[in-house]
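Beneath this line is the structure, given in structure tokens, with notes to follow.
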Amino acid sequence: MRRVLLAAPLAVVFFASPMPAAAQSWVVVPASDGADIMSQLFWFTLVLATIVFVLIEGLLIYSSLRFRRRAPLPFHEPPQIHGNTRLEVMWATVPVGRAVGVLAKAAPPTDASAATAIPAMAIRFTLIFIRVTSSVRLPTSVRGGR
């Protein structure tokens, strides 16, 4: 009976949700050349992701109900093992070393000649910024004066 009470609301939500064919169209009508193929790709990906999500969630719910603990087990803490300093240092420094290596590989060059070198096919352009200022004089009643 509990399973029916659990499955009934899930079934109602699943069957009441809009399917891709019955879903409302977007607010903006797609008008590009590739809009049809993009829409098909979107719906295919959404349906595939939904199927995977439902399967994984179903397996998770089934496993949690099927293999739940029936009676409380006596609690005893396992023996605490410590003293392997070399291992502890290694599992702390190896990830840091890898992260530093990735950062060093991705960082831009600091060599002055490499930083100022212009590739042969580069396009040169100049940006000109013009600063425009104006002033507004407010009446004394707005400024808080008397």
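Numbers for the structure displayed
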| read-out | value |
| --- | --- |
| In Å, descending, principal axis extents of the Cα set of the stretch 57-99 | 42, 30, 7 |
| Thr85-Ala99 pseudo-label distance in nm [points 7 Å out on the Cα-to-Cβ vector] | 2.4 nm |
| Residue exposure sequence - Thr126, Thr93 - by fewest surrounding Cβ within 10 Å | Thr126, Thr93 |
| Per-residue Cβ neighbour rank within 10 angstrom, fewest leading, Glu57, Glu77 | Glu77, Glu57 |
| The stretch 65-81 - phi-based ³J(HN,Hα) in whole Hz, Karplus 6.51/-1.76/1.60, Gly and Pro as x | 7, 6, 10, 5, 6, 7, 10, x, 7, x, 8, 9, 6, x, x, 7, 10 |
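Computed from the coordinates by the stated procedures, all read-outs in this text should not be read as laboratory data. Just so we're clear, the structure is a prediction, and the values are computed from it rather than from any experiment. Cβ sites come from the backbone with ideal geometry, for glycine too, and all protein chains shown count toward neighbours.
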